[in-house]
Amino acid sequence: MKLIFALLAMLPLACGGQASAGRVLTLTGSSTIAPLAAEMGLRFEAVNPGSRVDVQSGGSSRGIADVRAGHADIGMASRALAASEEDLTPVTIARDGVALIVHADNVVTELTSEQVRRIYLGEASDWSEFGGTSGPITVVNKAEGRATLTVFLEHFGLDSRAIQADVIAGENEQAIKTVAGTPGAIGYVSIGTAMVDREAGVTIKLLALDGVQATHQNVSSGAYPLSRPLNLVLTTSPSPLALEFIEFARAPEQNDLILRESFVPMAEKL
Amino acid sequence: MRTSLAIAPRTRQDRALGVVLRSSALLAASLIFLVLLFVVFEARGALATPGFGAFFTDPSWHPVDDGTGSEYGVLPMLAATLATTFGALLIATPLGIGAGVFNALVAPAPFALLHRSLVEILAGIPSVVYGLWGLVVLVPWIGGVSHSGQGLLAASIVLSLMLLPTITLSTEAALLAVPKEQLQAAAALGLGPIARARLVAVPAARRGIVAGLVLATGRAVGETMAVLMVAGNVVAWPRGLRDPLRTLTGNIALEMGYATESHRSALFVVGLVLMLCVALLVILAGLFGSGKNHSVSASGSAGR
C-alpha cells in the first residue's frame, strides 16, 4: 500500500516538476513556518490567479533535503543553515524565539542560562534551589531532530545524550500540554506558540532568560538570547515563481500575518 | 443438450470469477511482500552500517551523530512495547470478556442493543482523541503535583480503552455463534444464566474469544499516536508504573518527520523489528489458537 502511494505521489514530481513549476509552488519543511507559509500562500494565490501554493510540514531537515532534491521549490527551515548546507540560499522572513515555560502556578519567574543547564543535566532537581516552592523538577525535552532542540542545545552548549529528561515531546503543543498538566515541569517551545496558548488561558508561564523577558520586542531587537530565524530556503537556480513568492513573503504587507502567528517581523521592516 | 447449455455460461462465469478472485488474493498477498521489500530497501543503509546486530547490542538510542558516534539500541523500546501491550491486556481482557458475556447471555435484549451501540461508538473514536484525553485528564491525575504522570501506567490505561471494544465485540460475536440448542439443553438441566455462560457458552466460544484477544494484541503493538501522547517517550527500560518509556511505534512517529539519511534509515530498521514482532505474534497466536481448537474439538467449530 505505502509503496504504491509513494510511487503515485512521486509521479507528478518525476514527470512534470519543471513544466508545472510555473503554476504550482511547493513548500516543504519546518512545522513552525508551515502555518505562516500557508497563510501567505492563500494571499499569494489571491493576487496571482491561476497559481497554487502547496505547503507541507515535516521538519526543517526535510525541507532542506526536499529543496535540494528538487521535490520542493522552496524549503522552510526554522534555523540558520549549517556549514554543510552552503549550496542553498536562506531568506529570513521573520524571527521566532524559543521560550522556557513552566506551569502557571510556579512562583519562579526567571532563570539564568547556567541554571537551565543544571536543570537539564539533572544537577538541580528541586525548585527550592531557584526560589520556587519545594518540589521535584520534571524536565520536558524535545525529540531528536527537532529544530527547537537544536536551537536549545546550541545556546546552552548541551549534548543531547547528557540531558536527563522525564518526558520527551514531539510537537510544541504536546510539550505545552505536558507542562500545563504538571505543576513541577519545565519545557521549551516556540515563543509564538507559547504566547497564543498563554492568551487562550493554558496554565503555562514564559520565563525570562538571563534577565531578558521573552517578548516580541526583545526577540526582534535580538536582546532575547534564545531566538532563531525563520528561513525560506532556495537552491542556486530557483524558479521564477519561487522568487516571486519570496519577494511577496518579505513585503511589509505580510507583517500582519507574521504577527498573527506570533512571530516577529524582521526589525528593518517594523 | 439443455444441461450443457445451462452449464456452459456458468462455467465461463465461474472461470472469470476464478481469475478475479485469484488475482485479488495474489495482490493482497504480494502487498505484504511489497511493503516488506520497501522497508528493507529503505533500511539498507543502516543494515550495512552499523548492521542489524547493532540494533540489539547498542545500549541506547542516539541515532543523530553529534560528534561522539551514534547508538541504535532498540531493546529498551521493544521491552516498552511489550510492557504497554501486556499492561493494556491485563486491564482490558477481564473487562472486555465480562462485558461481552453480559451482553450476549445475561442482559435483556433492549439493554444489550444499547450497550452494543455504545461499545461500537467506543471502537470508532480515533486514537488521537484517546491520547488527548489521556494527556490532559489522565496524566495529571496519575502524576499529581510532583510527577509528569506520563509512563507505563498511563499508556496501559489509554491503550486498554482502545482494546476494550475489540475484545467485547469479538467475545459477544463468538458467544452468539454458540448453537442455541446447547444453551437450551443447559437451561433444561436447570443451569441458571451465569452457570450457562461459565460452563457451556464460554468454553464453546473460546476460540473466537482468543482470536479477539490476538486482534487486540496486534492493535496494542501497533498503536502509535495515543501511546506517544502519554508514554513520556524517554528511551528507557520499563521500571516503575510511572516511569516514562518509548515504544517502537512511538519512536518512529516521533522522529520520522525530522529524520534524514542514516537516522531515517535506522528508523526503517525499527519498522522492520516491529514487523518481525507482529509476525511472531501471528505465528504464536496460530499455534495457540489451533491447540485450543483441539482441546475443545467437540464444540470448537461451533465457536467460530
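Working only within region B:258-283, note down all residues that are surrounded by fewer than 19 Cβ atoms within 10 Å (Cβ to Cβ) and in a loop (DSSP other than H, G, I, E, B).
The one that is surrounded by fewer than 19 Cβ atoms within 10 Å (Cβ to Cβ) and in a loop (DSSP other than H, G, I, E, B): B:T260.
Which residue pairs have Cβ atoms closer than 6 Å, lie 6 or more positions apart in sequence or on different chains, and pair a first residue in region A:178-201 that is within 14 Å of chain B (Cβ to nearest Cβ) with a second residue that is among the hydroxyl-bearing types (S, T, Y) and open to solvent by 40 Å² or more (accessible area, probe 1.4 Å)?
Hits for this filter: A:A180/A:T203; A:G184/B:S146.
Checking the conditions here, which among A:T92, A:T109, A:T138 is in contact with a His (Cβ under 8 Å, 6 or more places away or on another chain) and touching a residue at least 12 places away in the same chain (Cβ under 8 Å)?
Answer to the selection: A:T138.
Can we say A:R146 is at pLDDT below 90, in contact with a Gly (Cβ under 8 Å, 6 or more places away or on another chain) and either basic (K, R) or surrounded by fewer than 16 Cβ atoms within 10 Å (Cβ to Cβ) (or both)?
Against the criterion (at pLDDT below 90, in contact with a Gly (Cβ under 8 Å, 6 or more places away or on another chain) and either basic (K, R) or surrounded by fewer than 16 Cβ atoms within 10 Å (Cβ to Cβ) (or both)), A:R146 qualifies.
Please work out if A:V102 is away from chain B (no Cβ under 11 Å), crowded, with 18+ Cβ neighbours inside 10 Å and within 20 Å of B:H263 (Cα to Cα).
No, not satisfied.
Does B:A236 fit the bill of being of a type in the set (A, V, I, L, M) and part of a helix (DSSP H, G or I)?
Here the answer is no, as B:A236 does not meet what is asked.
Quick check: anything in region B:56-74 under 26 Å from B:L228 (Cα atoms) and under 23 Å from the mean Cα position of the chain (by Cα)? If you could, list the steps in order and put the result at the bottom.
Kept after step one, since they are under 26 Å from B:L228 (Cα atoms), are these residues of region B:56-74: B:56-66, B:70-74.
Now restrict to residues that are under 23 Å from the mean Cα position of the chain (by Cα): B:74.
Among the residues of region B:56-74, at least one is under 26 Å from B:L228 (Cα atoms) and under 23 Å from the mean Cα position of the chain (by Cα), which makes the answer yes.
Within the set of pairs 6 or more residues apart or between chains, which connect a residue that is surrounded by fewer than 19 Cβ atoms within 10 Å (Cβ to Cβ) inside region A:217-232 to a residue that is polar (S, T, N, Q) with Cβ atoms less than 7 Å apart?
Every condition considered, the pairs that remain are A:P229/A:T92.
Look through region B:141-174, keep the residues that are open to solvent by less than 10 Å² (accessible area, probe 1.4 Å) and over 17 Å from the mean Cα position of the chain (by Cα), and return whichever of them is modelled with the lowest pLDDT.
B:S148
I want to confirm something. Restricting to region B:43-69 and keeping residues that are crowded, with 18+ Cβ neighbours inside 10 Å, within 14 Å of another protein chain (Cβ to nearest Cβ) and touching a residue at least 60 places away in the same chain (Cβ under 8 Å), which single residue is nearest to B:R246 (Cα to Cα)?
Restricting to residues being crowded, with 18+ Cβ neighbours inside 10 Å, within 14 Å of another protein chain (Cβ to nearest Cβ) and touching a residue at least 60 places away in the same chain (Cβ under 8 Å), the top hit is B:W61.
Are there any pairs, at least 6 apart or on different chains, whose C-beta atoms fall under 6 Å, with the first in region A:57-74 and more than 13 Å from chain B (Cβ to nearest Cβ) and the second of a type in the set (D, E, K, R) and buried (at least 20 other Cβ atoms within 10 Å of the Cβ), and if so, which?
That search, which allows pairs on different chains as well, returns A:A72/A:D66.
Looking at B:L138, B:L132, B:L122, which one is within 10 Å of chain A (Cβ to nearest Cβ), hydrophobic (A, V, I, L, M, F, W, C), out of contact with any Lys or Arg (no Cβ under 9 Å at 6 or more places or on another chain) and surrounded by 15 or more Cβ atoms within 10 Å (Cβ to Cβ)?
Details: B:L132 fails: out of contact with any Lys or Arg (no Cβ under 9 Å at 6 or more places or on another chain); B:L122 fails: within 10 Å of chain A (Cβ to nearest Cβ).
Just a single option satisfies the conditions, and that option is B:L138.
The values are calculated or read from the model by the stated rules, or taken from the named source; none is laboratory data. Computed from a prediction, not measured in an experiment: that's the story for all the values here. Cβ coordinates were reconstructed from backbone atoms using ideal geometry, including for glycine residues, and neighbour counts include every protein chain displayed. These accessible areas exclude ligands, DNA and RNA; they are computed on the full protein's heavy atoms, side chains included. Shrake-Rupley method; radii C 1.70, N 1.55, O 1.52, S 1.80 Å.
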